[in-house]
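Working notes for the structure below.
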Amino acid sequence: MKSDLDQIIEYLESEKQSLELSIKRNLAEYDYLYAHYQQEGLWRLNNHLDTLKYFKDPLFNKKQDIERWIRWMSRLENNDLESLYKDDIAEKKQELEKLNKDQVYKYFNDSQVIDEALFDLYEGRISRFRLCLSKEDGFYLDFEMSNDFLKISYRPDPMFDSYEYIRDIDDDDDDEVHLHPLEKLGFSWDTDGKQLIFRYDMRGFKEALPVKVLLSRIAYEKFNFGLGHHDLTSSVDIFYK
């Protein structure tokens, strides 16, 4: 049975094929403006796909880089150059084969840890817990109870002591308000605590799925900014009373 992630990737792959065919059709009909708009949509779709594939396989980007290098080197028409890089090409192919055989660490490898931490927090067995999404980027989410609400907080780098500094600011359009990615998911800026906070009503709490869906969306937003993020080793730290 296919996982939800595999089904989403499969669906987006089919959308990608449809877009590519439509772009070719519009170019053949000299409809360059519409083809341009569709090309922008294809770029965004590819970005989403790469992020999801990255979650499925943290080695995805590295494999893609090697495959692109092999394809590029294999197109060399100069026999002398091809001979010069023959050993390098063979070495890269072996590296790619090894990466494809190796068992990879799954980013969301054990969601049960989140379930247990949430129930422990709700039932008062722990005081709080911290979820690390990226140690390299210092991206942590803190979880604690505040009366009947679960408070999820994200504190940006201490140097950013003003909310305006962590907004997604576009200098070309100063009049337009750009929301922080977490704000789009329901977080709000706490001026006193200098952090973004999300509150979830825990009254009658019976299952963690809604919170885990939110965490999946946060992780997706966090790593949907390109291919520069290589630290995807999640961890949970528990703080007891």
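The values are calculated or read from the model by the stated rules, or taken from the named source; none is laboratory data. Computed from a predicted structure; not experimentally measured. As a convention, Cβ positions derive from the backbone with ideal geometry for all residues, glycine included, and neighbour counts pool all protein chains shown. Accessible surface areas use protein heavy atoms only, side chains included; no ligands, DNA or RNA. Shrake-Rupley method; radii C 1.70, N 1.55, O 1.52, S 1.80 Å.
Numbers for the structure displayed
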read-out	value
Amide proton proximity set for Phe139, modelled H, under 5 Å, gap of 5+	Leu133, Ser134
Leu33-Ile66 FRET efficiency (beta carbon distance; Förster radius 45 Å; 0.05 resolution)	0.75
Region 1-49: projected area of the alpha-carbon convex hull, averaged over directions, in nm²	3.2
3J(HN,Hα) from dihedral phi, region 207-219, Karplus parametrisation 6.51/-1.76/1.60, rounded to Hz, x for glycine, proline	8, 8, 4, x, 5, 5, 5, 4, 5, 5, 5, 5, 4
Accessible surface, 1.4 Å probe, highest first, among residues Arg130, Arg75, Arg44	Arg75, Arg44, Arg130
